[in-house]
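Peer 1: Below is a structure I'd like to ask you about.
The values are calculated or read from the model by the stated rules, or taken from the named source; none is laboratory data. Quick caveat, the model's predicted, so the values are computed rather than measured. Neighbour counts are summed over all protein chains in view; Cβ atoms, including those assigned to glycine, are modelled from backbone coordinates with ideal geometry.
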Amino acid sequence: MALMGHDIRRIIATDCGSTTTKAILIERNDQGEYRLVARGEAPTTVEKPFEDVTLGVVNSITELEDITAVEVPEGYKVGRRTLVENGTVKRVLKEGKETFKSSGENDAADLYVSTSSAGGGLQMMVTGVVKAMSAESAERAALGAGAILMDTLSVDDGRKDYQKVERLRQLRPDIILMSGGTDGGNVDLLVEMAEIVRRADPKPRFGDMKLPIIYAGNKDASDKVKAVVGEEIELHVTPNLRPSMAQENLGPAREEIHEMFLEHVMQQAPGYSKLLDWTSEEVMATPNAVGKLLKEYAENEKINVLGVDIGGATTDVFSVFLNKSGERIYNRTVSANLGMSYSICNVLKEAGIENIARWLPFQIDPAEVRNRLRNKMIRPTTIPQTYEDLLIEHAVSREALRLAFIHHKSLARDLTGQQQQRDVGQIFNQDESGQTLVKMMELDMVIGSGGVLSHAPRRAQSALMMMDAYQPEGITMLTVDSIFMMPHLGVLSQHFYEAAKQVFEYDCIVKCGHCIAPVGVAKPGEACVTVRGEGINEVVPFGEIRVIPCDRKEFKDLTIEPAKGFDVGEGAGKAVTRKLEGGTVGIIIDARGRPFDVKLDDPARIGNLRKWLEAFGLPLPK
């Protein structure tokens, strides 16, 4: 029989990354709550000379055994856990049958789940008829399923047919997602795109299996498309991504992508068939698992969430926001050229040296900053050696986060092509791309993840980076993912949400505190906002930041009174009363206005930056 939630006492979760396999051990304590007990790491072993991903999995879980042999948190059974036996993850139950007899309280795990992005993750190409409509819906479907989007082909993308054929042959995606046309609409253009795919005859990266193509376009064209692509390509038909101009149906395509990922990518990669046999549930793509966690958490807690994972080569942005219909919509984007080590010079190129240098609270030649960043690209695994180097790295992160966020907002938007009621000011706006779903005044929580945010020496530095890059509006909780457990908890949330939620809130995210950010502009020193309540009376002029000391799980009922012309959520000049929570930083009052900008040639720039560092109690550079 299958385990019920109350029967699960010990959970192992692993995330097989491209370089490191990370394992976590979760147990139920004496109070009946699930908590993180230990975390282990080992090099991923999917490539030569090992070519067996399970070796890294076993090594990371063996480290969990070693850690629990030395020390376990209070409230748990003391003693080394026996989690691996004969090179296999030891579990009590497997598909309803006992495969391992539990010989003691510290023996085996009741549930083992895993995610993976090893071997390059899930790499996809998408096709559509109109780039700004069906192709964009296909992008949202692929990215939301955890894919790395290699390219997007569409009838109107400006490339010749032979160029599209060449591109398909060069990239060799794991899966192709074809979309286009509303149900009952155009057929000929879909057949034309199918002919391009057939002529390219692309081969998958792994094995000698047929390349899987998911067709999620006009249902009336599916038979003709199937006839064109022929027997050499494995075609899977799912419901249309855009059955009508005003409707988007991404769920079935995303589920089919997940199935194809398991069958065509995971089964072919070295050692994954063994891993699939070990796990209690299906393995999930790492970014897909993060998205599942955020969507599940946002829906259960009824909040809007923005998450980011900034890495060495890429920056992933996740969001869950309410649309006009009251449905929470999940979106993910990958900025493949924005990162903090391997891609740091791409950030330099995209943002410009002036935009990076403007965040530095000291005088430095921009050419010197450029040279330091080039050195970082040459030696991507190095970490800052001086405080100046750290501030330069944090300046780069602000720009990488800002640019990735702009990219995300451009894709996370209302559907293009549907009729919308417009006011006079919009009549002459020719932008047909639809409005972004990401509305900062409605945002409840920001979650920052990735080395530069998770491992910043002080949490206040992480909070300030997110405030500068995202410019949250109104009242927003700022948090940081402490040790990047979101993939593990994401796959767990699909099978045991309560345990995932408890570990997520208690062990995973570190709350920096609520941020109050009035929208509006004024001259420096003019009235901006007053915050009162529970012994607090802070009058904060425009251009300043104040931090009210307040710990995590410490709440204060505060009345926020914006000055005339400023808005904190209820309209210009209208007060808001809310129960706010502190954190590792406290309750932050950001009176710099929205939108705000920092100019490199502003004489007051360095003084302002140093003043904002002082407000957080951060050290000043010499």
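Peer 1: Go through (1) under 15 Å from Val130 (Cα atoms); (2) within 31 Å of the chain's Cα centre (by Cα) and name the single condition Glu192 misses.
Peer 2: Of the numbered conditions (1) under 15 Å from Val130 (Cα atoms); (2) within 31 Å of the chain's Cα centre (by Cα), the odd one out for Glu192 is (2).
Peer 1: Collect the residues in the range 199-245 that are farther than 17 Å from Ser179 by Cβ and at pLDDT 90 or above, keeping them in residue-number order.
Peer 2: Within the range 199-245, Arg199, Ala200, Ala227 qualify.
Peer 1: For the range 455-495, what are the residues that are among the polar types (S, T, N, Q) and at pLDDT 90 or above?
Peer 2: Answer for the range 455-495, where residues must be among the polar types (S, T, N, Q) and at pLDDT 90 or above: Gln461, Ser462, Gln471, Thr476, Thr479, Ser493, Gln494.
Peer 1: Condition check: assigned by TED's automatic domain parsing to the domain that holds Gly217 and in contact with a Pro (Cβ under 6 Å, 6 or more places away or on another chain). Does Leu168 satisfy that?
Peer 2: It is true that Leu168 is assigned by TED's automatic domain parsing to the domain that holds Gly217 and in contact with a Pro (Cβ under 6 Å, 6 or more places away or on another chain).
Peer 1: Restricting to the range 441-494, give me the number of residues that are polar (S, T, N, Q), surrounded by fewer than 24 Cβ atoms within 10 Å (Cβ to Cβ) and touching a residue at least 40 places away in the same chain (Cβ under 8 Å).
Peer 2: Matching residues across the range 441-494 total 3.
Peer 1: For the subset of the range 244-254 comprising residues that are outside any loop (DSSP other than H, G, I, E, B) and more than 24 Å from the chain's Cα centre (by Cα), which member is surrounded by the fewest Cβ atoms within 10 Å (Cβ to Cβ)?
Peer 2: Ranking the candidates gives Gln247 first.
Peer 1: Then there's this: Counting only residues that are farther than 22 Å from Leu241 by Cβ and either surrounded by fewer than 19 Cβ atoms within 10 Å (Cβ to Cβ) or among the aromatic types (Phe, Trp, Tyr) (or both), how many does the range 145-169 have?
Peer 2: 7
Peer 1: Could you grab me the full set of residues in the range 356-365 that are over 14 Å from Ala604 (Cα atoms) and touching a residue at least 60 places away in the same chain (Cβ under 8 Å)?
Peer 2: Ala357
Peer 1: Then there is this: Can you pull out every residue in the range 433-480 that is farther than 17 Å from Ile588 by Cα, assigned to a loop (DSSP other than H, G, I, E, B) and not polar (S, T, N, Q)?
Peer 2: Within the range 433-480, Gly434, Leu437, Val438, Lys439, Gly450, His455, Ala456, Pro457 qualify.
Peer 1: Now for a separate question. Quick check: anything in the range 281-298 farther than 29 Å from Ala404 by Cα and touching a residue at least 40 places away in the same chain (Cβ under 8 Å)?
Peer 2: Taking every residue of the range 281-298 in turn, at least one turns out to be farther than 29 Å from Ala404 by Cα and touching a residue at least 40 places away in the same chain (Cβ under 8 Å).
Peer 1: Suppose the filter is among the charged types (D, E, K, R), touching a strand residue (DSSP E or B) at 6+ places or on another chain (Cβ under 7 Å) and farther than 20 Å from Leu464 by Cα; does Glu561 pass it?
Peer 2: Spelling it out, Glu561 is indeed among the charged types (D, E, K, R), touching a strand residue (DSSP E or B) at 6+ places or on another chain (Cβ under 7 Å) and farther than 20 Å from Leu464 by Cα.
Peer 1: Oh, and also: Restricting the search to the range 539-574, which residues are without any contact (Cβ under 8 Å) to a residue 40 or more places away in the chain, over 22 Å from Gly525 (Cβ atoms) and not in a strand (DSSP E or B)?
Peer 2: Pro549, Cys550, Asp551, Lys553, Glu554, Glu570, Gly571, Lys574
Peer 1: Quick one: in the range 86-121, of everything that is modelled with pLDDT under 85 and in a strand (DSSP E or B), which residue is surrounded by the fewest Cβ atoms within 10 Å (Cβ to Cβ)?
Peer 2: Lys97
Peer 1: Identify, please: which residue in the range 499-537 is among the charged types (D, E, K, R) and surrounded by fewer than 19 Cβ atoms within 10 Å (Cβ to Cβ) and is, among those, nearest to Glu296 (Cα to Cα)?
Peer 2: Among them, the one singled out is Glu505.
Peer 1: Just checking, which of Ile214, Ile257, Ile176 is part of a strand (DSSP E or B), touching a Leu at 6+ places or on another chain (Cβ under 9 Å), in the same structural domain as Thr127 (by TED's automatic domain parsing) and over 19 Å from Glu166 (Cα atoms)?
Peer 2: Matching residue, one of Ile214, Ile257, Ile176: Ile214.
Peer 1: Additional query: Please verify whether Thr584 is surrounded by 13 or more Cβ atoms within 10 Å (Cβ to Cβ), under 26 Å from Met465 (Cβ atoms), at pLDDT 95 or above and among the β-branched types (Val, Ile, Thr), treating the condition exactly as stated.
Peer 2: Spelling it out, Thr584 is indeed surrounded by 13 or more Cβ atoms within 10 Å (Cβ to Cβ), under 26 Å from Met465 (Cβ atoms), at pLDDT 95 or above and among the β-branched types (Val, Ile, Thr).
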